[in-house]
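Structure record follows, encoded as structure tokens.
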Amino acid sequence: MEAIIIYTTASSMEEAEHIADALVGQQLAACVQILPGVRSVYNWRGKIAQSDETLCIIKTEAKRFKAVAQVIEQIHSYEVPELVAVPIVHGSIDYLSWLNDQVESEI
């Protein structure tokens with residue numbers, strides 16, 4: 001298993017919870033941590049913008065990235081939601097085993 005963390009931001013706690021419930025409920029993610037109070041500064045359509053957002057940290061398998069992205073894109077209110085994945089290079093054997101058990105392994 002190649003474990004990854006996917007980051008996405010949401011416009012509200014409610015949207016983040018909807019995303020988390022969908023991903024965990026469909027066994028596409030083992031866990032989604034929701035962190036409110038993120039302030040994002042970015043360039044959007046030629047202007048500097050700022051938004052208060054809620055960060056989702058999604059733990060899953062690399063082979064699930066496309067399915068996770070599809071769910072997020074269906075639910076998300078943003079025109080271009082953040083979808084960034086990074087590999088989990090090291091982790092405890094027990095935690096990574098649990099992660100693997102939680103994510104449906106059949107594609």
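Just one of Glu17, Glu61, Glu79, Glu73 is charged (D, E, K, R) and either touching a helix residue (DSSP H, G or I) at 6+ places or on another chain (Cβ under 6 Å) or touching a residue at least 24 places away in the same chain (Cβ under 8 Å) (or both); which is it? So the residue among Glu17, Glu61, Glu79, Glu73 that is charged (D, E, K, R) and either touching a helix residue (DSSP H, G or I) at 6+ places or on another chain (Cβ under 6 Å) or touching a residue at least 24 places away in the same chain (Cβ under 8 Å) (or both) is Glu61. Close contacts from segment 86-106, counting a first residue that is over 19 Å from Tyr7 (Cα atoms) and a second that is among the polar types (S, T, N, Q) and open to solvent by less than 70 Å² (accessible area, probe 1.4 Å), with Cβ to Cβ under 6 Å and a gap of 6+ residues or different chains, come to none at all. I want to confirm something. Restricting to segment 1-21 and keeping residues that are in a loop (DSSP other than H, G, I, E, B) and open to solvent by 80 Å² or more (accessible area, probe 1.4 Å), which single residue is nearest to Asp101 (Cα to Cα)? Among them, the one singled out is Met1.
The values are calculated or read from the model by the stated rules, or taken from the named source; none is laboratory data. All values reported here derive from a predicted model rather than from experimental measurement. Please note: Cβ atoms are built from the backbone with ideal geometry, for glycine as well, and neighbour counts cover all protein chains shown. Ligands, DNA and RNA are stripped out before the accessible areas are found, and what is left, the full protein with its side chains, is counted by its heavy atoms. Shrake-Rupley method; radii C 1.70, N 1.55, O 1.52, S 1.80 Å.
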